[in-house]
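A quick write-up on the structure given underneath.
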Amino acid sequence: MNKYIIILSLAFLVACNSTPENPTIATLGFNNCESGDITEINENGIQVLAAPNNIRIYPKKGKTTPNCLHLTGGENKTFELVNTTGETAKYLSFSAERWTSKPPFQFKVEAFDGVNWSRIYIGDSEIKTGNFPNEVFLTLPDAKNQRVRLTSTTAETGGVLIDDVTFFSGADMQIDSVIVADKQLPVLKGKKHNEVLNLQIFANGFSEPQNLEELEFSVSESGLGNSIEKIEVLYLKEAGSIEKSVSFGTKNIQDNTIVFEGSQELTHGINDVILSVRLKDEADIGNFIQAECISVKINGKKYSPKATQTSAKKMGIALRQHNDDGVDTYRIPGLATTNKGTLIGVYDIRRNSGVDLQDDIDVGMNRSTDGGQTWEPMEIIMDMGEWGGLPNDENGIGDPAVLVDRKTNTIWVAAVWAHGHPGQRNWWASKQGLTPEKTSQFVLVKSEDDGLTWSKPINITNQIKDKEWHLLLQGPGKGITLKDGTLVFPAQFKDKEEMPHSTIIWSKDHGRTWTIGTGAKSNTTEAQVIERNDGSLMLNMRDNRNRTDASESNGRSVYVSNNLGKTWTKHPTSRTNVLQESTCQASIIKDEFLINGEKKSVVLFSNPNARSGRHHMTIKVSFDDGETWPEKHQLLIDSGSGRGYSCMTKIDDKHIGILYEGSQADLIFQKFSLEEILNEK
């Protein structure tokens, strides 16, 4: 590591600032309550009272614990919160989430002063949907028996979710703890802010708020040179939103550390402070950054971190971001390396929103001729325009897969074209038949000059689609060239009963004609394919059964064919937790790499490594043709949540590239050595 004046290594920072009086009087998180309708809770010094059919305990949706309270939908639904501790509370806080954005919506809080109910909060326009975005803090009237009433009027299917109810005294704010949340996030060129350290200050109470005054860090960077254009500290005004932040303090360099001095009033709860960097355009994406927090000063008191360091963070490129070139969203990555070493990245250009077809969607492409360090500007390679007299938003084309013919170096890109059915999702709107007016079309384009120019669309629907099927489309992701020169794209179709099946299409004449295989397994969709050592094909498939299965049987479906998809057999790793999934697309590639001076056949797999939610994007390695996937050969590259699709390619004998939908940009490109993935570097 090349030591920097700034040190970016983060450590756990834990400190307690004990005061004689704890501001928290009583708190209730509903975690010990059984799910279902209730009329009374009496726990932890808080009593909850309601008439029948007004409240229920809702499982698996709490903010900090699995459960929360649901103030059910309907007119004038209400419940009471009673402070039963005998100690007078000055403040009340709770987290709230609107159940649905559909009108009507009214929400109010009233307090009982011993004689009358008086309104102390109106949340009609403030309470929002989505992951408890609102924390409500209220000052209570001074009364002997403290009672608070929450009332809502919503649609019958609506309501309000409530969690983490807390009564506070008027004692001064205290600092409970200061920690560093160890996240593995990519640090990207092209982004204004990159989080390299997340400091979380837990403050308790409202009276006499404490002040953040100073932060001291050190930073180290691998490789040669200075990759950092700007470094700053950001105080997040809204949890999880680096875009809704304010810059903290001014920095001074002092004896190989960097000190930020300023003034930021803390609020009750978690105060997120981010150490952020902006990379130079010439930064080498092979480098890492690591950071450490040396000290934090709050109200004149210094809190010292423990010695434990956070993970080093790998650099990369934000290849496509929300609103780049006026486009709302970029999705569905495909990535391949040509015989000349050029990287070809393809994806959806979703102009108006992030929704799937049908909409105004085209297929975009970027080229890199230096192993992914820099990329040429985006080009549109598939655009059906206003075909058939219908507008662009009724001629969307997307979900691309890219394939390089290793014999001819022709690059093929497959995509699905949807014609008509505006405002509907193509997955359901495409029907039986063969014509564009009835069913989605399987379309190809090709380039014979290393991606510089592209052909007009080539429609092969009539060659490969059964007219009784409701839908046929490719991977998405990428296809492969077999040892004998056969071109193979993974594909998927919905049969006459609208049951989806993963399969393949193949060509033995370099793309002039195509043939389709049979369905490998029912209720499977997006797939990727590799050729095994014995010449068989392994199809790795997204399985819809995983939507409701988080057990040991959760996992990718894996089937093998020895006859180009005429028949399929189940592989031993199929539907096991070896390759767990949250019902999302994944990438699998196979190639030879130079490891410790020896050429080895390697299979690599990438997906969100979770049984629910699309987070923890991980690369896994198999040295035995996909039979086993050792835990020691797995690399977490992005612990945050994203849309989760990915596609990998071999860059050279020692490196792979991955284009994925991550937590920090629509499409992220990163380059990793096999040593890094194998945890040998």
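Throughout, read-outs are computed from the coordinates displayed, never taken from laboratory work. Source: prediction; values computed, not measured. Note that we place each Cβ from the backbone using ideal geometry, even for glycine, and neighbour counts take in every protein chain shown.
What the table shows:
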| read-out | value |
| --- | --- |
| Per-pair calculated FRET efficiency, R0 = 56 Å: Asn577 and Ala51 via Cβ, rounded to 0.05 | 0.80 |
| Normalised convex hull volume, the chain, alpha-carbon set, Å³ per residue | 165 Å³ |
| Additional length obtainable on full extension of the chain from Lys599 to Thr369, 0.36 nm per residue less Cα span | 80.4 nm |
| Förster radius 30 Å - calculated FRET efficiency between Ile253 and Ser177, Cβ distance, rounded to 0.05 | 0.55 |
| Those residues of segment 336-378 whose amide nitrogen sits under 12 Å from the label point placed on Asp652, 7 Å along Cα→Cβ | 341, 370-373 |
| Straight-distance crosslink candidates among lysines, where the alpha carbon sits under 21 Å from Lys508 and sequence neighbours closer than 8 are dropped | Lys407, Lys446, Lys465, Lys478, Lys483, Lys566, Lys590 |
| Above-threshold pairs, the threshold being 19 Å between Cα atoms, out of Lys61/Lys237; Lys314/Lys620; Lys230/Lys671; Lys456/Lys650 | Lys61/Lys237; Lys230/Lys671; Lys456/Lys650 |
| Alpha-carbon centroids, segment 160-193 and segment 252-288: separation in whole Å | 16 Å |
| Quotient of C-alpha Rg and 2.2 N^0.38 Å, computed over segment 125-212 | 1.56 |
| Computed lengthening from Thr139 to Thr569, 0.36 nm per intervening residue step minus Cα-Cα distance | 148.2 nm |
| Two-site FRET efficiency, Glu437 against Arg512, from Cβ-Cβ distance with R₀ of 35 Å, rounded to 0.05 | 0.85 |
| Candidates per GluC sites (Glu not before Pro) in segment 482-572, loop by DSSP, up to 16 other Cβ within 10 Å | Glu497, Glu498, Glu552 |
| Percentage of interatomic Cα-Cα distances in segment 544-681 larger than 24 Å | 31 percent |
| Area projected by the alpha carbon convex hull of segment 213-362, averaged over all directions, nm² | 13.1 nm² |
| Pairwise label distance in nanometres, Asn339 with Asn323, each label 7 Å out on the Cα-Cβ vector | 4.4 nm |
| Percent RCO, i.e. relative contact order, over the chain, from Cα pairs under 8 Å lying at least 6 residues apart | 10 percent |
| Over segment 24-168: Rg over Rh, Cα atoms, Kirkwood Rh | 0.93 |
| Normalised contact order of segment 166-299, rounded percent, pairs of Cα under 8 Å and 6 or more residues apart | 36 percent |
| Which of Glu110, Glu229 has the fewest Cβ neighbours within 10 Å, and the rest in rising order | Glu229, Glu110 |
| Low-density loop cleavage sites - trypsin sites (Lys or Arg not before Pro) in segment 392-455, where at most 13 other Cβ are within 10 Å (DSSP) | Lys407 |
| Residue-averaged [θ]222 nm for the chain, counting only DSSP H segments that reach four residues, each worth -39500 (n - 2.57) | 0 deg cm²/dmol |
| Ordering of 663-670, 580-587, 85-92, 114-121 by burial proxy (mean other Cβ atoms within 10 Å per residue, highest first) | 663-670, 580-587, 85-92, 114-121 |
| Tensor-based shape of segment 403-493 (alpha-carbon gyration tensor, a/c under 1.5 rounded, otherwise prolate or oblate) | prolate |
| Loop-located GluC sites (Glu not before Pro) in segment 232-308, at most 16 other Cβ atoms within 10 Å (DSSP) | Glu238, Glu243, Glu282 |
| DSSP beta bridges in the chain [antiparallel fraction, %, rounded to 5] | 95 percent |
| Least to most buried among His616, His193, His501 (fewest other Cβ within 10 Å first) | His193, His616, His501 |
| Coordinate range along principal axes, alpha carbons of segment 312-435, Å, largest first | 44, 37, 25 |
| Which of Thr453, Cys293, Ser430, positive extreme of dipole for the chain (C-beta unit charges) | Ser430 |
| Unit charges on C-beta of K, R, D, E only; dipole of segment 510-583, Debye | 220 debye |
| Length released on extending from Lys297 to Leu482, taking residue separation times 0.36 nm less the Cα-Cα span | 60.4 nm |
| Electrostatic dipole magnitude of the chain [Cβ: Lys, Arg +1; Asp, Glu -1; Cα centre; debye, to 20] | 1280 debye |
| Relative contact order (percent, whole number), segment 24-168, Cα cutoff 8 Å, 6+ residue spacing | 33 percent |
